[in-house]
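Undergrad: Structure incoming, see below.
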Amino acid sequence: MDRWRQPIVPLLIEPVNQVLLLPDGRRQAEVQFVLSEFDIMRLRAGYGCAKCLQVFERPWPEKCPVCGAPIRDKQAEYFAREYGGVERFGPSTTLADERERLREGG
Ligand SMILES: [Zn+2]
């Protein structure tokens, strides 16, 4: 199977201390995916949805067919916001650092 078509599987899913208010009024707890470098690269290249991790047949569809996220217009922006500190995903990151960061954020 083509590597680029393999499902994106997070190494870890961490709850983030904030709640997203959806346009229709529902509240959704946000989580942060901890991904492998390859998966991050795929998201950055537009091959997957940064929101629900759906892998696309072709990169940069207008919208994610699963969650409806506006991939072509917004993913680069979303990606920069959510994954701006890519080094956080590197081997130097410790869980303690992550907890500290979450505490500060809350
Ligand atoms: Zn999606």
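The values are calculated or read from the model by the stated rules, or taken from the named source; none is laboratory data. Just so it is clear, the model here is predicted, and its values are computed rather than measured. Glycine gets a Cβ as well: all are built from the backbone with ideal geometry, and neighbour counts include every protein chain shown.
Quick grid of which residues meet (1) at pLDDT 85 or above; (2) under 19 Å from Val9 (Cβ atoms); (3) under 11 Å from the mean Cα position of the chain (by Cα):
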position	(1), (2), (3)
Tyr47	yes, yes, no
Glu57	yes, yes, no
Val66	yes, yes, no
Ala69	yes, yes, no
Arg72	yes, no, no
Gly90	no, yes, no
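Undergrad: Let me ask something else about it. Given the conditions (1) surrounded by 14 or more Cβ atoms within 10 Å (Cβ to Cβ); (2) more than 26 Å from Arg101 (Cα to Cα); (3) in contact (Cβ under 8 Å) with a residue 12 or more places away in the chain, which single one is not true for Val66?
TA: Result: Val66 fails condition (1) only.
Undergrad: Within segment 80-87, does at least one residue satisfy the condition of being within 23 Å of Arg101 (Cα to Cα), more than 15 Å from the ligand (Cβ to nearest atom), over 14 Å from the mean Cα position of the chain (by Cα) and assigned to a helix (DSSP H, G or I)?
TA: Within segment 80-87 (the criterion being within 23 Å of Arg101 (Cα to Cα), more than 15 Å from the ligand (Cβ to nearest atom), over 14 Å from the mean Cα position of the chain (by Cα) and assigned to a helix (DSSP H, G or I)), the answer is yes, since at least one residue qualifies.
Undergrad: Considering only residues that are within 13 Å of the chain's Cα centre (by Cα) and more than 16 Å from the ligand (Cβ to nearest atom), look in segment 21-37 and name the one that is farthest from Arg5 (Cα to Cα).
TA: Of segment 21-37, the ones within 13 Å of the chain's Cα centre (by Cα) are 30-37.
Okay, now just the ones that are also more than 16 Å from the ligand (Cβ to nearest atom), so 34, 36-37.
Values: Val34: 19, Ser36: 15, Glu37: 15 Å.
Step by step, filter segment 21-37, then rank; the result is Val34.
Undergrad: Restricting the search to segment 40-60, which residues are crowded, with 17+ Cβ neighbours inside 10 Å and either of a type outside the set (Val, Ile, Thr) or part of a loop (DSSP other than H, G, I, E, B) (or both)?
TA: Arg42, Leu43, Gly46, Tyr47, Gly48, Cys49, Ala50, Lys51, Leu53, Gln54, Phe56, listed by residue number.
Undergrad: Okay, moving on. Do any residues in segment 48-59 that are touching a residue at least 24 places away in the same chain (Cβ under 8 Å) and within 14 Å of Glu77 (Cα to Cα) have Cβ atoms under 7 Å from those of residues that are assigned to a loop (DSSP other than H, G, I, E, B) and within 9 Å of the ligand (Cβ to nearest atom), where the two are at least six apart or on different chains, and which pairs are they?
TA: Partner pairs satisfying both residue conditions: Cys49/Cys64; Cys49/Val66; Cys49/Cys67; Cys49/Ala69; Lys51/Cys64; Lys51/Cys67; Lys51/Ala69.
Undergrad: Take Gln18 and decide whether it is within 14 Å of the ligand (Cβ to nearest atom), assigned to a strand (DSSP E or B) and surrounded by fewer than 14 Cβ atoms within 10 Å (Cβ to Cβ). Explain how you work it out, then say what you get.
TA: Working: within 14 Å of the ligand (Cβ to nearest atom): no; assigned to a strand (DSSP E or B): yes; surrounded by fewer than 14 Cβ atoms within 10 Å (Cβ to Cβ): yes.
For Gln18, the condition - within 14 Å of the ligand (Cβ to nearest atom), assigned to a strand (DSSP E or B) and surrounded by fewer than 14 Cβ atoms within 10 Å (Cβ to Cβ) - is not met.
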